[in-house]
1. State which residue is most open to solvent (accessible area, probe 1.4 Å) when the search covers only the stretch 287-317 and only residues that are part of a helix (DSSP H, G or I) and hydroxyl-bearing (Ser, Thr, Tyr).
2. Taking the stretch 242-258 only, how many residues are surrounded by 15 or more Cβ atoms within 10 Å (Cβ to Cβ), more than 18 Å from Val230 (Cβ to Cβ) and out of contact with any Pro (no Cβ under 8 Å at 6 or more places or on another chain)?
3. So how many residues does the stretch 136-163 have that are small (Gly, Ala, Ser) and more than 16 Å from the chain's Cα centre (by Cα)?
4. Would you say Arg213 is in contact with a Gly (Cβ under 7 Å, 6 or more places away or on another chain) and among the charged types (D, E, K, R)?
5. State the number of residues belonging to the stretch 276-286 that are under 20 Å from the mean Cα position of the chain (by Cα) and either free of Cβ contacts under 8 Å to residues at least 40 places away in the same chain or assigned to a helix (DSSP H, G or I) (or both).
6. More than 16 Å from the chain's Cα centre (by Cα), open to solvent by less than 30 Å² (accessible area, probe 1.4 Å), among the polar types (S, T, N, Q) and modelled with pLDDT of 85 or more, is that true of Thr166?
7. Conditions first: (1) over 30 Å from Pro197 (Cβ atoms); (2) open to solvent by 40 Å² or more (accessible area, probe 1.4 Å); (3) under 20 Å from the mean Cα position of the chain (by Cα); (4) not aliphatic (A, V, I, L, M). Trp341 passes all but one, so which condition is the exception?
8. Looking at the stretch 142-255, what helices (runs of 4 or more DSSP H) fall wholly within it and have at least 2 residues that are free of Cβ contacts under 8 Å to residues at least 24 places away in the same chain?
Amino acid sequence: MPTGGVGPTPATASPARAWTMLALGTAAQTAGTVFVSTPAFLIPLLHEQRSLSLAQAGLVASAPLVGLVLSLIAWGALADRRGERLVIASGLALTAVATVGAMFSTGYVALGLFFVLGGVGAASTNAASGRVVVGWFAKDRRGLAMGVRQIAQPLGTTLAAVIVPTAAESGIDAALAVPLIAVAPLAVICAIGIRNPPRPASAPALATANPYRGSGFLWRIHLVSVLLVVPQYTLALFGLLWLIAGQGWDPIGAGLVIGAAQFVGALGRIGAGVLSDRIGSRVRPLRWISLAAAASMLALAAAAATQWSLAPLVLVVATTISVADNGLAFTSVAEVAGPVWAGRALGVQNTGQFVAAAAVGPVVGVLITVLGYPLAFAASAVAPVLATPLIPDARAERDRL
């Protein structure tokens, strides 16, 4: 059992402490995302100036995701046993060390291996920061808190997109200094500032029992989340290209639309969390979002087919809906898994989503090539249609935190 289990409960903890833990957890997740996102913005440099093929440059750029997927569950298990502070601080420290190694690497194989190692370190923040958030907030504020925490991924990606390409003009070392500046100080700050959420010194049987036995609730949430990744990543990967190639937008204008969609989507995650707090259920709004995701993708398909002038607005709406489920699913998984299993359960949750996201690119890319954008968007609506009946009934929810 991790240390730090004696103290105030989430319901009695001071709001200042809870919000401090949320700020640190969100910052840690953002810094890890900056590292994972950075190699993708090095592709032009690797391809055009370092003579790597696009396939080779893409392989190097995907290396952090390999490390991330391979280690998510292991970090979650360590968080269950040793606590969140150790996991987050040591993971960010490992990412910082790997970044320095990448800066001094002399070949692209070594560069890729250091990117894999950095991805392993960055994975620590995915499961453990979520544990910190749900562990320090009472049930009626967890949806809001997790919605705020879910901003970390788009924020980290945006920071990398804005800063790294300019830094890369001075070389790989200058580009890698960006994630190093993000992760190294936060490793120290989190080691000092994060406090593990309170846990009972001797957890009752309900808290320690394997939540995957005797109930399919968690497995169903995992599968639903995997399916809901399809529309989310379809729009994230191909929305910009559709605006440019399918709608005739210039790159700058298309980029502004995508940026607006990401911003509104972040607000949507928070709104979904607040709604779940108000109604006392995570899965009820999850069902509504799943249905809305299917409807919005079909609406986008129709707008794309008819070249409707308001199609970009439909894209923004569809993007907002497609990302709104993330915080709800994460909160539900943590609550049902309980303090002893939450890390592993969130690791499984993340792993499934990342694997699904990796498949969306090539599969939807083929659909667009063969069928065109309208039918590809319509095909993406099938996933949330399949997800909706798999969402557990609200009566099966239980809060083991």
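1. Within the stretch 287-317, the subset part of a helix (DSSP H, G or I) is 287-306, 311-317.
Within this subset, residues satisfying the condition of being hydroxyl-bearing (Ser, Thr, Tyr) are 290, 296, 306.
Values: Ser290: 0, Ser296: 10, Thr306: 99 Å².
Top of the filtered list is Thr306.
2. So the answer is 4.
3. Keep residues of the stretch 136-163 that are small (Gly, Ala, Ser), which gives 138, 143, 145, 147, 152, 156, 160-161.
Now narrow it down to the ones that are more than 16 Å from the chain's Cα centre (by Cα): 138, 161.
Within the stretch 136-163, residues that are small (Gly, Ala, Ser) and more than 16 Å from the chain's Cα centre (by Cα) number 2.
4. Details: in contact with a Gly (Cβ under 7 Å, 6 or more places away or on another chain): no; among the charged types (D, E, K, R): yes.
No: the conditions fail for Arg213.
5. Step one: of the stretch 276-286, the residues under 20 Å from the mean Cα position of the chain (by Cα) are 276, 282-283, 285-286.
With either free of Cβ contacts under 8 Å to residues at least 40 places away in the same chain or assigned to a helix (DSSP H, G or I) (or both) added as a condition, the list becomes 276, 283, 285-286.
So the count comes out to 4.
6. Details: more than 16 Å from the chain's Cα centre (by Cα): yes; open to solvent by less than 30 Å² (accessible area, probe 1.4 Å): no; among the polar types (S, T, N, Q): yes; modelled with pLDDT of 85 or more: yes.
When the stated conditions are applied, Thr166 does not pass them.
7. Of (1) over 30 Å from Pro197 (Cβ atoms); (2) open to solvent by 40 Å² or more (accessible area, probe 1.4 Å); (3) under 20 Å from the mean Cα position of the chain (by Cα); (4) not aliphatic (A, V, I, L, M), only one is false for Trp341: (1).
8. Answer list for the stretch 142-255: 152-168, 172-193, 217-241.
The values are calculated or read from the model by the stated rules, or taken from the named source; none is laboratory data. Bear in mind that the values here come from a model prediction, so they are computed numbers and not experimental data. Because the Cβ atoms are built from the backbone with ideal geometry, glycine has one as well, and the counts that use them run over all protein chains shown. We work out accessible area using only protein heavy atoms, side chains counted, and drop any ligands, DNA or RNA first. Shrake-Rupley method; radii C 1.70, N 1.55, O 1.52, S 1.80 Å.
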